[in-house]
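Let me begin by presenting the structure, written as structure tokens, before commenting on it.
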Amino acid sequence: MFLIQEILVDESIATTKFACDLNRCKGACCTMPGGRGAPLLEEEIKEIVNVFPAVRKYLSERHLKAIERQGLFEGRSGSYVTPCVGDHACVFVTYENDIAKCAFEKAFLNGETTWRKPISCHLFPIRMDGDNIERLRFEFIPECKPALARGVSEKIYLSDFLKDALIRVYGQSWYKEFRHQCKREERTSKIESCVHL
């Protein structure tokens with residue numbers, strides 16, 4: 001672990017190569033089984049309510065009915081999440097061919113809203129947790145194997161791939177310091193790999 005402005009960061013975030021490959025994973029992170037959707041921050045509840053009128057046209061009838069039954073969010077203060085459809089797909093999933101995509105992000109990219117999507121989604125596969133000190137960790141799911149392969153083949157580090165999301169959460173100065181440390185970790189990792197050959 002290393003510390004950037006009071007945020008603990010798992011070294012694997014610095015050394016992992018990663019770039020989403022939607023054609024192969026089909027947007028699996030939006031449709032993971034388990035019945036609990038994306039974790040939401042308290043301030044994101046208001047954002048969801050505000051942007052829903054612009055987003056609803058991208059959702060299927062089945063997803064709209066689920067929202068009517070379950071609401072736009074569920075849980076309680078400190079543990080809000082997006083509802084799910086059929087125990088896996090987030091209710092805010094929209095499908096393009098057979099690829100699951102975020103309706104919030106679609107509206108944002110079309111210039112219809114100024115809020116992109118929940119932070120937990122934007123940062124994935126980085127997760128935020130920790131009680132006394134905030135910690136960032138890499139969460140591997142098997143469906144992300146194509147993203148790891150693409151990251152290696154295209155030489156894209158996770159820390160670069162999620163640049164926009166990390167700046168959105170922590171700001172430019174934090175990201176600059178973070179990337180500087182990531183480069184040091186990358187060099188150390190390469191040296192250790194050579195030693196073990």
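The values are calculated or read from the model by the stated rules, or taken from the named source; none is laboratory data. Bear in mind the structure is a predicted one, so any value in this text is a computation, not a measurement. Cβ coordinates were reconstructed from backbone atoms using ideal geometry, including for glycine residues, and neighbour counts include every protein chain displayed.
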message = Just to be sure I understand the filter: pairs with C-beta atoms under 8 Å, separated by 6 or more residues or on different chains, first member in the range 171-196 and at positive phi and surrounded by 13 or more Cβ atoms within 10 Å (Cβ to Cβ), second member modelled with pLDDT under 60 and of a type outside the set (Val, Ile, Thr). Which pairs pass?
response = none
ask   = Exactly one of (1) buried (at least 18 other Cβ atoms within 10 Å of the Cβ); (2) outside the structural domain of residue 73 (by TED's automatic domain parsing); (3) not charged (D, E, K, R) is unmet by residue 90. Its number?
value = (2)
message = Anything in the range 15-36 that is aliphatic (A, V, I, L, M) and either modelled with pLDDT of 90 or more or in contact with a strand residue (DSSP E or B) (Cβ under 6 Å, 6 or more places away or on another chain) (or both)? List them, or say none.
response = 19, 22, 28
Selected residue [in contact with a Ser or Thr (Cβ under 9 Å, 6 or more places away or on another chain) and more than 29 Å from residue 170 (Cα to Cα)] from 64, 41, 59 = 59
inquiry  = Can you pull out every residue in the range 24-48 that is surrounded by 12 or more Cβ atoms within 10 Å (Cβ to Cβ) and in a helix (DSSP H, G or I)?
reply    = 24, 25, 28, 29, 30, 44, 45, 47, 48
query = In the range 126-174, what residues are assigned to a strand (DSSP E or B), of a type in the set (D, E, K, R) and within 23 Å of residue 105 (Cα to Cα)?
reply = 127
